[in-house]
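Structure first, then comments.
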Amino acid sequence: MSSLLRLHRTLDAFAEWTGRVTAWLALALVLVTFAVVVLRYAFDIGSIALQESILYLHATLFLLGAAYTLKHDAHVRVDIFYREMSPAAKAWVDLAGVLFLLLPVCLFLLWVSWDYVTTAWALREGSHEAGGLPWVYLLKSLIP
């Protein structure tokens with residue numbers, strides 16, 4: 001049982017860490033978006049790399065933030081029935097949701113995206129745009 005508890009603590013610590021990282025990524029996303037707007041409309045300067053970095057930050061924010069959001073039970077939901085349930089019933093619903101929805105979907109995404117990600121790494125895939133960011137393979141690594 002101690003190894004299971006150790007795994008639980010490790011996953012919780014990872015979820016907390018990703019939460020802190022995504023908080024900083026959200027700030028970076030706002031600042032880069034602000035910079036793109038100022039550069040474009042005040043100085044008439046466009047940057048494909050900055051625009052792609054907004055996409056990268058946005059995708060990373062959602063993909064990394066999922067663990068933290070799940071840990072703190074903060075996902076958006078329509079809980080017409082759930083909110084009226086007892087804590088024990090909520091625990092059973094949460095367990096069933098994880099076992100029959102979350103884990104199968106995560107395993108499916110891992111299975112489906114594995115070749116996609118390994119191909120991106122093998123090619124060191126970069127942006128298709130001139131002046132774009134060369135790290136598409138890193139972003140794709142967050143998918144599984």
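Read-outs: derived from the displayed coordinates by stated rules, not from any lab. Given the structure is predicted, the values throughout are model-derived calculations rather than measurements. So basically every Cβ, Gly included, is an ideal-geometry build from the backbone, and we count neighbours across all protein chains shown.
At a glance:
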item: The stretch 93-109 versus the stretch 59-76: alpha-carbon centroid distance in Å; result: 15
item: Leading residue at positive end of dipole, the chain (Cβ point charges), from PHE100, THR10, VAL37; result: THR10
item: Those residues of the stretch 29-50 whose amide nitrogen sits under 17 Å from the label point placed on THR69, 7 Å along Cα→Cβ; result: 29-30
item: 0 to 90° range, to nearest 10: angle between helix 48-71 axis and the chain longest Cα axis; result: 10
item: Most fluctuating residue given options VAL37, VAL93, VAL78, as computed from a GNM of the chain linking Cα atoms under 10 Å; result: VAL78
item: Pairwise label distance in nanometres, LEU7 with ALA59, each label 7 Å out on the Cα-Cβ vector; result: 3.0
item: Calculated from backbone phi, Karplus (6.51, -1.76, 1.60) coupling profile of the stretch 20-27 in Hz, x at Gly/Pro; result: 5, 5, 5, 4, 5, 5, 5, 5
item: Student exercise, the chain dipole from Lys, Arg, Asp, Glu Cβ charges, in Debye to nearest 20; result: 300
item: Estimated vicinal HN-Hα couplings, Hz - the stretch 81-91 in sequence order (Karplus 6.51, -1.76, 1.60; Gly, Pro = x); result: 9, 4, 5, 8, 7, 6, x, 5, 5, 4, 5
